[in-house]
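The values are calculated or read from the model by the stated rules, or taken from the named source; none is laboratory data. The shown structure was predicted, so the numbers you read here are calculated from the model rather than taken from an experiment. In this analysis, Cβ positions are derived from the backbone assuming ideal geometry, glycine residues included, and neighbour counts consider all displayed protein chains.
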Amino acid sequence: MTKIIVDVTELRNYISKHAQLSGIQRVMVMLIEALAAHYPKDKLWLGYCGDDASDYRMLPYSFLAPQGAADLQKLAHVLDAAPTSAPRPSLEGYAKKPAKRIIHTVLRDLNAKIGNEDHFRKRNLTIEEWRASNPSHARHKPIFETQAASKVCEPGDWVILLDAGWLDPSWNVAKNWRDDLREKGVKIALMVHDLIQMQNPEYISGTDPMRFYKWLLSTLQSTDLYLANSQATAKDLHVFLASHEAERDVAVLPLAQEALPRVSAPRVRTKTDIPAPYAALATSWDLNENIRALLKWPFVLCVGTMEARKNLWALAQVWDQLRAEPGVQLPKLVFAGRKGWLNADFEAFMQATGRLGGWIEVCESPTDQELDFLYRHCLFTATPSFYEGWGLPIGEGLSYGKTGVVSQTSSMPEVGGNLVEYFDPHDLSSIKAACLKLISDSEHRGLLEAKIAKATMRSWDDVGRDLLKLVA
């Protein structure tokens, strides 16, 4: 049977620096898990570029058992890429509580010293994994042995590149692992998430736009199948191919409209379950107090890396106008995401206005548990981006039953369908009208929520099945 190798070169680099997943990285992890659910695990592999451009290493997916790729700590250890700044496994809930993190670290160390395996088993962990996660524990070789792709791959196998491939320096080397594998009859499928770097370089920092263009041009020599995450991206990709007189197969693989991976219920140390009147306590007692405090006033949620393309400045300007609108019961506006680039106008506005006197809150680099909480409790979501390859937060919001205000450009109408309110992201009056409609017209918002409740959402399982139809 065909082996499927999911390239994790840049995912490995990403998780060595970040403790939380972002857009493309989340797509990768969810697709790996979807593939594992429907494909023999002994035929599913992870691969990454090693010490040089021709050194491609592989590990079987089975090394991730039983947690799977969705367990970021486990994935980091399997790939020998544990971030030094990230919380150690089972301490994720104390990432922003240094005193408690130190106490529980000492507690884990003591239990490891006396060999108390039950202590770690209750936390889905082993003593060996805990010891290996110690940042001061020097390793001369990876915890999990890799194999050379040249010795494992066979003709007809597929390597699937789902990541930000232009960041992998090996593509710019004349003779690299892609060439070696294709000479062995291995096929390569490449997902293109968007072409924003080429089409709108004004939203991208440094020389990345030209680097992206050269990378995409180089893929014409090594790609058997292009995957586009939306019809809009496929259209942009066809324009690129035509402009270079290149004929290649392009398959559209729409992404999911699914909630975040199930967040484990907090462990409440009581002998009985918390009764219904105090349900909020059961779901929020261990959250960051600033996140929990957002419930004191209704809020609209805007999720995504805080960068120029996301058009945050315009949305903040609209909120400034709305707070002066007579008779409007204005909710707060919450921005949740990692700090990005070319966002000086937004940051200056926040500083000059004191975050609009408190009408705007910023939740930087939220955990999955915090983001899950924000989705569940927001009034609706907002996605004012100029351009998206797909638009994960739109679909995530829908999966929580929440409608949204959404840009009517690029792929976003494919995600939101007829379940959200659209606007022109280049027109403040258009953005304002859409926001005002959902804020002031609760009946209209309720009708959209009712339609969402009856709609069938696309799951990661659906995406994985469709991907297997293309490469298995």
Subject >> Residue count for region 8-62, restricted to those that are in contact with a strand residue (DSSP E or B) (Cβ under 8 Å, 6 or more places away or on another chain), over 19 Å from Asp80 (Cβ atoms) and among the charged types (D, E, K, R) >> reply: 3
Subject >> Matching residues, region 420-472, being under 22 Å from Arg309 (Cβ atoms), charged (D, E, K, R) and either free of Cβ contacts under 8 Å to residues at least 60 places away in the same chain or not assigned by TED's automatic domain parsing to the domain that holds Gly391 (or both) >> reply: Glu421, Asp424, Asp427
Subject >> Meets criteria (under 30 Å from Glu202 (Cβ atoms), more than 16 Å from the chain's Cα centre (by Cα) and not in a loop (DSSP other than H, G, I, E, B)) for Leu294 >> reply: no
**OP:** Return the total of residues in region 207-238 being in a helix (DSSP H, G or I) and of a type outside the set (Lys, Arg).
**Re:** 19
Subject >> Residue within region 234-246 that is under 30 Å from Asp194 (Cα atoms) and either modelled with pLDDT under 90 or within 20 Å of the chain's Cα centre (by Cα) (or both) present >> reply: no
Original post:
When residues of region 315-329 are filtered for being surrounded by fewer than 19 Cβ atoms within 10 Å (Cβ to Cβ) and touching a helix residue (DSSP H, G or I) at 6+ places or on another chain (Cβ under 9 Å), how many remain?
Top reply: 8
Original post:
Could you say whether any residue in region 323-332 is among the hydrophobic types (A, V, I, L, M, F, W, C), under 29 Å from Asp372 (Cβ atoms) and more than 27 Å from the chain's Cα centre (by Cα)?
Top reply: yes
Original post:
Which number in (1) modelled with pLDDT of 85 or more; (2) assigned to a helix (DSSP H, G or I); (3) surrounded by fewer than 12 Cβ atoms within 10 Å (Cβ to Cβ) marks the one condition that Arg108 misses?
Top reply: (3)
**OP:** Determine which member of the set Ala174, Ala189, Ala164 is more than 28 Å from Leu470 (Cβ to Cβ) and outside the structural domain of Tyr387 (by TED's automatic domain parsing).
**Re:** Ala174
Subject >> Flag for Ser365 being in contact (Cβ under 8 Å) with a residue 40 or more places away in the chain, within 27 Å of the chain's Cα centre (by Cα), under 21 Å from Gln25 (Cβ atoms) and surrounded by 23 or more Cβ atoms within 10 Å (Cβ to Cβ) >> reply: no
Original post:
Out of (1) in contact (Cβ under 8 Å) with a residue 12 or more places away in the chain; (2) surrounded by fewer than 16 Cβ atoms within 10 Å (Cβ to Cβ), the odd one out for Leu181 is which?
Top reply: (2)
**OP:** Identify the residue in region 142-177 that is part of a strand (DSSP E or B) and in contact with a helix residue (DSSP H, G or I) (Cβ under 7 Å, 6 or more places away or on another chain) and, among all such residues, is surrounded by the fewest Cβ atoms within 10 Å (Cβ to Cβ).
**Re:** Trp158
Original post:
Name the residues in region 184-206 that are within 29 Å of Val415 (Cα to Cα) and either in a strand (DSSP E or B) or of a type in the set (Phe, Trp, Tyr) (or both), would you?
Top reply: Ile188, Ala189, Leu190, Met191, Val192, Tyr203
Original post:
Does Ala382 fit the bill of being in the same structural domain as Phe299 (by TED's automatic domain parsing), part of a strand (DSSP E or B) and either at positive phi or modelled with pLDDT of 95 or more (or both)?
Top reply: yes
**OP:** Report yes if some residue within region 449-458 is under 14 Å from Ala34 (Cα atoms) and not small (Gly, Ala, Ser); otherwise report no.
**Re:** yes
